[in-house]
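> I am attaching a structure below and will ask some questions about it afterwards.
The values are calculated or read from the model by the stated rules, or taken from the named source; none is laboratory data. Note that this is a predicted model, so its numbers are computed, not measured. All Cβ positions, glycine included, derive from the backbone under ideal geometry; neighbour counts span all protein chains shown. Note: accessible area is taken over every heavy atom of the protein model, side chains too, but ligands, DNA and RNA are not part of it. Shrake-Rupley method; radii C 1.70, N 1.55, O 1.52, S 1.80 Å.
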Amino acid sequence: MVYFVAQRFRALILILLGVTIVVFLMLRAVPGDPAQIMLGERASSQEIKELRNQLGLDEPYPVQYFLYMKRILRGDLGVSFRSGAPVMREIISRLPATVELAIAALFLATIIGVTAGVISSVRRYSLYDYFSMFMSLIGVSMPIFWLGLMFIYFFGVKVPLLPVMGRITPGLELGRITGFMTIDTLFHFDFEGFMDVIKHLVLPAATLSTVPMALIARISRSSMLEVINQDYIRTARAKGLVELVIILRHALRNSLIPIVTVIGLNLGVLLGGAVLTETIFAWPGLGRYVVVSLLARDYPAVQGCILVFATLMVIINLIVDILYFYLDPRIRIHE
């Protein structure tokens, strides 16, 4: 187990090194000069030259990359060209919003997706099965930006039941401890604030959960179908066990590895792919921050955010791999 984790950490370092190189080169291949964007169209060539020198953009690419990696090894992600604030501080202030949204979306996707997949496998080729898989196909194909706009139109304009922008109602002050507003409101026993946070979370989480929900439902169904016809399931039925116990304790438990894999992968995807959802719902998270920084050619901010997303993705994959040891005894025996 220790050797397995050590291997994964070594791979993590290599992956993150590759990510820094790719992102560094891709950002500088994008048309547009950060100094020109910051100073505006009326800036003189001398002013642009001085700002480029101040930001270190006039150095050769290898020198810029070396200085960038030197800062990273000190735990410094640099200073934002746009705001002048440390990138690490900007990320820390926005990361809880993205994580909270991603976890809420994944929770919704897991509950509905696994339930739909299990029922479809039990009632295979029934009307429910066909309907469920048809809806999952639509969910996979649904454009996130279109669905988000439809949610805003129906639940924010036509029938104004839910808020459509931000994390809380403007003017409402909440005590900050962790940055996760659902947790902070419970710590302060602020149930009114908690309900306000949940209301703001519903539409973005529902929009973001559509694609992973469909994927989880399809994987759950196929994984359950592989298990449900095994000999030990027939033996359990022959012993007279209740069908619900057979499905949940024997069938679902032995089909969890593919399900856990797709859930873990989707959490990483949600953390890094919430850009459209955060932009549509004005959610103050990292996804929206990346878009604004990219438009401003804010190299340190974009590089720092992508590095954080890549780190989270690799860590999540490591946790999923470790879970395999506990879900399947055969893996522990093999190791």
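> Hey, got a sec? Which chymotrypsin sites (Phe, Trp or Tyr not before Pro) in segment 103-186 land in a DSSP loop and have at most 15 other Cβ atoms within 10 Å? Don't skip to the end; give the middle numbers.
Working: sites: 107, 125, 128, 130, 131, 134, 145, 146, 151, 153, 154, 155, 180; in loops: 125, 180.
Those that pass, being in a loop and sparsely packed, are 125.
> Which of the trypsin sites (Lys or Arg not before Pro) across segment 1-106 are loop residues per DSSP, with 10 or fewer other Cβ within 10 Å? Intermediate values should be presented prior to the final figure.
On the way: sites: 8, 10, 28, 42, 49, 52, 70, 71, 74, 82, 89, 94; in loops: 42, 74, 82.
Of the trypsin sites (Lys or Arg not before Pro), the ones in loops of segment 1-106 whose Cβ has at most 10 other Cβ atoms within 10 Å are 42, 74.
> Using the crude model of +1 on Lys and Arg Cβ and -1 on Asp and Glu Cβ, and no other charge, please compute the dipole size for the chain relative to its Cα centre, in debye to 20.
Working: 29 positive and 23 negative charges, 168 e Å.
That gives a dipole near 800 debye.
> If packing is taken as the mean number of other Cβ atoms within 10 Å per residue, what is the order of 299-311, 250-262, highest first?
On the way: 299-311: 22.2, 250-262: 18.8.
So the peptides 299-311, 250-262, ranked by packing, come out 299-311, 250-262.
> Here is a follow-up. Any chance you could tell me what percent of the C-alpha pair distances in segment 61-192 go past 27 Å?
Details: 4395 of 8646 pairs.
In whole percent, the share of Cα-Cα pairs in segment 61-192 beyond 27 Å is 51.
> Still on this structure, I have one more. Report the label-to-label distance for residue 30 and residue 178 in nanometres (one decimal), using points 7 Å from each Cα along the Cα→Cβ vector.
Each label point lies 7 Å from its Cα, and together they span 3.2 nm.
> I need the calculated FRET efficiency for the pair residue 321 and residue 253, taking r as the beta carbon distance and R₀ as 22 Å, to the nearest 0.05.
After rounding, the FRET efficiency stands at 0.75.
> A follow-up question, please. Would you grab the residues whose amide H sits under 5 Å from the one on residue 79? Only those 5+ places off in sequence or on another chain, please, with H modelled 1.01 Å from N.
87
> A further question follows. Using DSSP to define loop residues, name the GluC sites (Glu not before Pro) in segment 167-266 whose beta-carbon has at most 14 other beta-carbon atoms within 10 Å. Intermediate values should be presented prior to the final figure.
On the way: sites: 173, 192, 226, 243; in loops: 173.
Listed in order of number, the matching sites are 173.
> Moving on to the next point. Rounded to the nearest 500 deg cm²/dmol, what is the calculated helix-only ellipticity per residue at 222 nm for the chain, with -39500 (n - 2.57) per DSSP H run of length n ≥ 4? If you can, show how the numbers build up before the last one.
On the way: 15 runs with 239 residues, N = 335.
After summing the helix terms and dividing by residue count, I get -23500 deg cm²/dmol.
> With every protein chain kept in place and ligands, DNA and RNA left out, what is the accessible area per residue of the chain? Probe 1.4 Å, answer in Å².
On the way: 18700 Å² over 335 residues.
For the chain, the solvent-accessible area averages 56 Å² per residue.
> Further, regarding this structure: Share of the chain's accessible area from carbon and sulfur, percent, 1.4 Å?
Values: 12790 of 18700 Å².
Ligands and nucleic acids excluded, carbon and sulfur give 68 percent.
> Grab the alpha carbons of the chain, take their convex hull, and tell me the volume per residue in Å³.
Numbers: hull volume 63.4 nm³, N = 335.
Per residue, the Cα convex hull of the chain comes to 189 Å³.
> Hey, another quick one. Taking the Cα centre of the chain as the origin and placing charges on Cβ (Lys, Arg +1; Asp, Glu -1), which of 14, 114, 235 is farthest toward the positive end of the dipole?
It is 235.
> Tell me, how many Å apart are the Cα centres for segment 83-134 and for segment 212-237?
20 Å
> Report, ordered by chain and residue number, the lysines lying within cross-link reach of residue 199, taken as a straight Cα distance under 26 Å and ignoring same-chain residues fewer than 8 apart.
The qualifying lysines are 158.
> Using +1 at the Cβ of each Lys and Arg and -1 at the Cβ of each Asp and Glu in the chain, identify which of 171, 259, 290 lies farthest towards the dipole's positive end.
Of the candidates, 259 comes out farthest on the positive side.
> Turning to a different aspect of this structure: Determine the distance separating the Cα centre of segment 51-79 from the Cα centre of segment 257-292; give it in Å without decimals.
28 Å
> Ok, one more. Using the crude model of +1 on Lys and Arg Cβ and -1 on Asp and Glu Cβ, and no other charge, please compute the dipole size for segment 35-82 relative to its Cα centre, in debye to 20. Mind showing how you got there, number by number?
On the way: 7 positive and 6 negative charges, 37 e Å.
Rounded to the nearest 20 debye, it is 180 debye.
> Rounded to the nearest angstrom and ordered from largest down, what semi-axes does the equivalent ellipsoid of segment 1-144 get from its C-alpha gyration tensor (root of 5λ)?
Working: eigenvalues 419, 104, 45 Å².
Sorted largest first and rounded, they come to 46, 23, 15 Å.
> Given Cβ point charges of +1 (Lys, Arg) and -1 (Asp, Glu) and nothing else, what value in debye, to the nearest 20, does the dipole of segment 231-284 about its Cα centre take?
Values: 5 positive and 3 negative charges, 81 e Å.
That gives segment 231-284 a dipole magnitude of about 400 debye.
> Need the full-extension length gain, residue 137 to residue 161, defined as separation in residues times 0.36 nm minus the C-alpha distance. One decimal, nm. Don't skip to the answer; put the middle values down first.
Working: separation 24, 0.36 × 24 = 8.64 nm, distance 2.80 nm.
Additional length available on full extension: 5.8 nm.
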